[in-house]
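Engineer: Starting off with a structure, shown below.
A short reminder: the numbers here are calculations on the coordinates, not readings from a lab. Everything numeric here is computed off the predicted structure, so don't read it as measured data. Cβ placement follows ideal geometry from the backbone for every residue including glycine, while neighbour counts extend to all protein chains displayed.
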Amino acid sequence: MRKLIWSEKSASDLDEIYDYISIDSQFYASLQVERIAGSVERLANHPLSGRILPEFPNLPYREIICGAYRVIYRIDKDSEQIIIVTIAHSARLISRIIVP
């Protein structure tokens, strides 16, 4: 089982997702955050379960889709840790978030 590391950016993204959804419903905001966190947890045992980013096939990033959100991560081969890089709404362009 590999260790999951949430970057500052990804933790902030999760907070922002909660804040945005909670304007309408704290219940659904909590539910969405729990779904994302649950999806990320499975990476500890199945780190290659996410697909390679189609926008950047030559970079070491992968993603899992959770509802309308893309969870971008990479596997640190030296430490075998999984670093959650960012969480973005699927309508956003990843190329503006990740600069190769």
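So that you can scan it fast, the table gives a plain yes or no per residue for (1) assigned to a helix (DSSP H, G or I); (2) over 20 Å from residue 82 (Cβ atoms):
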site	(1), (2)
13	yes, no
17	yes, no
27	yes, yes
38	yes, no
57	no, no
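Engineer: Just one of (1) surrounded by 15 or more Cβ atoms within 10 Å (Cβ to Cβ); (2) part of a strand (DSSP E or B) trips up residue 65, so point out which.
Structural biologist: (1)
Engineer: Sticking with this structure for a sec: Answer with yes or no whether residue 52 is surrounded by 12 or more Cβ atoms within 10 Å (Cβ to Cβ), on the phi < 0 side of the Ramachandran plot, among the β-branched types (Val, Ile, Thr) and free of Cβ contacts under 8 Å to residues at least 24 places away in the same chain. I'd like the intermediate steps shown before the answer.
Structural biologist: On the way: surrounded by 12 or more Cβ atoms within 10 Å (Cβ to Cβ): yes; on the phi < 0 side of the Ramachandran plot: yes; among the β-branched types (Val, Ile, Thr): yes; free of Cβ contacts under 8 Å to residues at least 24 places away in the same chain: yes.
Yes.
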